[in-house]
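Undergrad: Before we start, here is the structure in question, set down as structure tokens.
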Amino acid sequence: MDNCAQKATCTNTDGSFSCMCSDGYTGYGVVCYDIDECENNSDSCDVNADCNNTNGSFSCSCKRGYSGNGATCTDVDECLETESMCGMNSQCTNTEGSYMCTCSDGFTGNGSNCSDVNECELDPSVCEPRLCVNTEGSYECTCPTGYMWNETVCNDMDECLGEVSNDCSAAADCLNTAGSYSCHCKPGYGTNCSDVDECSGRSHDCSKNAECLNIEGGYNCQCSTGYTGNGKVCEALPDVRGPEEQKTGENGSNLGLISGVTVAGFLVVATLLIIGFLCALKIRKHSKSMKVPLSINVAFET
Ligand SMILES: [Ca+2]
Ligand SMILES: [Ca+2]
Ligand SMILES: [Ca+2]
Ligand SMILES: [Ca+2]
């Protein structure tokens, strides 16, 4: 029977025996104590591992941020992990044993919570002489509506130069203005730039002997049949028919008759006027010598 400790090895010797504590224990063999390898730095753990003393031995486990078997521990690159360690608008930077979150450019915060920087409020002159428009993560410098940036200054846009930059109708003239433009109906067009019917509106200056023809944006004057001219001034065409035609023609015979009667009537009236005048003269001379007042009323029926 030996009296070696439970954690000791008994070795038989000539006429006796010896006790030797097992690995991980220390003592005289009869009494053996556990060695705390963590405490006396005799452990073989990685510098980035935690040492755990056990009865007769020890264990190593990699610290947080490291991976490995404990004897060897390597840094974990948290930024490569599928689920982002940092919040929205934040950049991840791997560090030894850990990682860092920093807000992206244009954002401010603690790295976990990042909010947009309002550059326009931060520096009101950042865009001068243009206007500053804050955007998520950045800002834009723009000219006021209707103006275009020309390296140094905002110039008025001439919307009338391009067909797509104005919405004036084809019946309107485009007028460029500072910062904008306006549409004005062309002459001949009225409300909503629709064609004015000058012929029905009596706003035309066609001759009374002409027909008015309304057209898009204006009107035409056309001398009526039997008249000639530019439509605004129309003169009766001379009667080109021969004398025989005039006599036999339906209208010609009537016209000839009427003009004949007119000439004859005129001659009769003129003769009567002359006779009347001569008589009046004679009577006047006579009445002067007789000193008798006399008045004559002469009336002609026409
Ligand atoms: Ca790391
Ligand atoms: Ca911003
Ligand atoms: Ca303009
Ligand atoms: Ca018209």
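Undergrad: Does the stretch 131-154 hold any residues that are touching a residue at least 12 places away in the same chain (Cβ under 8 Å), under 17 Å from the mean Cα position of the chain (by Cα) and more than 16 Å from ligand 2 (Cβ to nearest atom), and which are they?
TA: Result: Cys143, Pro144, Thr145, Gly146, Tyr147, Trp149.
Undergrad: With the structure loaded, tell me whether Cys79 is more than 16 Å from ligand 4 (Cβ to nearest atom), closer than 30 Å to Ala49 by Cβ, touching a strand residue (DSSP E or B) at 6+ places or on another chain (Cβ under 7 Å) and part of a helix (DSSP H, G or I) or whether it fails that test. Quick ask: steps written out before the conclusion?
TA: Working: more than 16 Å from ligand 4 (Cβ to nearest atom): yes; closer than 30 Å to Ala49 by Cβ: yes; touching a strand residue (DSSP E or B) at 6+ places or on another chain (Cβ under 7 Å): yes; part of a helix (DSSP H, G or I): yes.
So Cys79 fits the description; yes.
Undergrad: Also, quick follow-up: For the stretch 122-141, what are the residues that are among the aliphatic types (A, V, I, L, M) and within 16 Å of Asp105 (Cα to Cα)?
TA: Leu122, the sole residue that qualifies.
Undergrad: Still on this structure, I have one more. Restricting the search to the stretch 9-21, which residues are small (Gly, Ala, Ser) and either surrounded by 14 or more Cβ atoms within 10 Å (Cβ to Cβ) or touching a residue at least 60 places away in the same chain (Cβ under 8 Å) (or both)?
TA: Keep residues of the stretch 9-21 that are small (Gly, Ala, Ser), which gives 15-16, 18.
Selection gives nothing.
Undergrad: Here is a further query. From the list Asp2, Asp46, which one is touching a strand residue (DSSP E or B) at 6+ places or on another chain (Cβ under 8 Å), of a type in the set (D, E, K, R), farther than 30 Å from Asp77 by Cβ and not in a strand (DSSP E or B)? Before the answer, list the steps.
TA: Values: Asp46 fails: farther than 30 Å from Asp77 by Cβ.
Step by step, each of Asp2, Asp46 is checked, and only Asp2 is touching a strand residue (DSSP E or B) at 6+ places or on another chain (Cβ under 8 Å), of a type in the set (D, E, K, R), farther than 30 Å from Asp77 by Cβ and not in a strand (DSSP E or B).
Undergrad: Okay, next question. For the stretch 81-116, how many residues meet the condition of being β-branched (Val, Ile, Thr), more than 13 Å from Gly65 (Cα to Cα) and within 12 Å of ligand 1 (Cβ to nearest atom)?
TA: 1
Undergrad: Out of (1) modelled with pLDDT under 90; (2) within 30 Å of Asp116 (Cα to Cα), the odd one out for Glu96 is which?
TA: Against the list (1) modelled with pLDDT under 90; (2) within 30 Å of Asp116 (Cα to Cα), Glu96 comes up short only on (1).
Undergrad: Show the residue pairs that are 6+ apart or on different chains and have beta-carbon atoms under 9 Å apart, the first residue being within the stretch 63-75 and more than 16 Å from Ser44 (Cβ to Cβ) and free of Cβ contacts under 8 Å to residues at least 24 places away in the same chain, the second being in a strand (DSSP E or B) and of a type in the set (Asp, Glu).
TA: Hits for this filter: Ser67/Asp75.
Undergrad: Quick one: in the stretch 32-72, which of the residues that are surrounded by fewer than 16 Cβ atoms within 10 Å (Cβ to Cβ) and of a type in the set (A, V, I, L, M, F, W, C) is nearest to ligand 1 (Cβ to nearest atom)?
TA: Val47
Residue-by-condition table, conditions (1) hydroxyl-bearing (Ser, Thr, Tyr); (2) away from ligand 4 (no atom under 16 Å from the Cβ); (3) within 60 Å of the chain's Cα centre (by Cα):
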{"residue": "Thr26", "(1), (2), (3)": "yes, yes, no"}
{"residue": "Val30", "(1), (2), (3)": "no, yes, no"}
{"residue": "Cys38", "(1), (2), (3)": "no, yes, no"}
{"residue": "Asp50", "(1), (2), (3)": "no, yes, no"}
{"residue": "Gly56", "(1), (2), (3)": "no, yes, no"}
{"residue": "Glu83", "(1), (2), (3)": "no, yes, yes"}
{"residue": "Cys86", "(1), (2), (3)": "no, yes, yes"}
{"residue": "Glu96", "(1), (2), (3)": "no, yes, yes"}
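Undergrad: Name the residues in the stretch 155-168 that are more than 10 Å from ligand 3 (Cβ to nearest atom) and surrounded by 15 or more Cβ atoms within 10 Å (Cβ to Cβ), would you? Step through it out loud before you land on a result.
TA: In the first step, residues of the stretch 155-168 are kept if they are more than 10 Å from ligand 3 (Cβ to nearest atom); the result is 162-164, 167-168.
Residue satisfying the conditions is Cys168 alone.
Undergrad: Report whether or not Glu163 is outside any loop (DSSP other than H, G, I, E, B) and away from ligand 1 (no atom under 16 Å from the Cβ). It would help to see each step written out before you state the result.
TA: Numbers: outside any loop (DSSP other than H, G, I, E, B): no; away from ligand 1 (no atom under 16 Å from the Cβ): yes.
No.
The values are calculated or read from the model by the stated rules, or taken from the named source; none is laboratory data. Please read all numbers here as calculations on a predicted model, not as lab measurements. In this analysis, Cβ positions are derived from the backbone assuming ideal geometry, glycine residues included, and neighbour counts consider all displayed protein chains.
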